[in-house]
Amino acid sequence: MQASRTQVQAPLRSLDQRMDALRRANEIRVRRAQLKKDLKAGSMRIEQILSDPPEYVETAKVVDILMAVPKFGRVKAARFLNQCRISQSKTVGGLSERQRAELVSLLRR
């Protein structure tokens, strides 16, 4: 007796759909890179980004955004997230209101 194997495939997408998805992904990458430069330069505040995140930041990991801030490395970012009980794999859009408020208040100190 042989068990039947079924192959699960993602639905086929047209070339236009794939190109549109690639275009959107590239735009998000460019905008995030600019945001990180602005954070590093001090022309943008991390509290402002976390309080009211733009759409292109929603799927970014919080730890990556924190590490773009001057004087923040992996250890300090991890410590801040641990204090607020936030997983390092959490995205900005996935933060609960409590986590968001706690992190913003911690950063303002």
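Computed from the coordinates by the stated procedures, all read-outs in this text should not be read as laboratory data. Not measured: the values here are computed from a predicted model. Counting neighbours? That spans all protein chains shown, and the Cβs are built from the backbone with ideal geometry, glycine included.
If we keep just the residues of region 24-74 that are touching a residue at least 40 places away in the same chain (Cβ under 8 Å) and surrounded by fewer than 17 Cβ atoms within 10 Å (Cβ to Cβ), which is farthest from Gln99 (Cα to Cα)?
Step one: filter region 24-74 for residues touching a residue at least 40 places away in the same chain (Cβ under 8 Å), giving 46-47, 49-51, 53, 62.
Okay, now just the ones that are also surrounded by fewer than 17 Cβ atoms within 10 Å (Cβ to Cβ), so 47, 51.
Working: Glu47: 13, Ser51: 11 Å.
Among those residues, the one meeting the criterion is Glu47.
Okay, residues lined up against (1) under 12 Å from the mean Cα position of the chain (by Cα); (2) not aliphatic (A, V, I, L, M):
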| position | (1), (2) |
| --- | --- |
| Glu27 | no, yes |
| Met44 | no, no |
| Gln48 | no, yes |
| Tyr56 | yes, yes |
| Thr59 | yes, yes |
| Ile65 | yes, no |
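Filter region 85-109 down to the residues that are among the aliphatic types (A, V, I, L, M), part of a helix (DSSP H, G or I) and under 20 Å from Arg32 (Cβ atoms) and list them by number. Of everything in region 85-109, those that are among the aliphatic types (A, V, I, L, M), part of a helix (DSSP H, G or I) and under 20 Å from Arg32 (Cβ atoms) turn out to be Leu103, Val104, Leu107.
How about region 12-60: which of its residues are among the small types (Gly, Ala, Ser) and on the phi < 0 side of the Ramachandran plot? Working first, answer last.
So in region 12-60, the residues among the small types (Gly, Ala, Ser) come out as 14, 21, 25, 33, 41-43, 51, 60.
Within region 12-60, Ser14, Ala21, Ala25, Ala33, Ala41, Ser43, Ser51, Ala60 meet the criteria.
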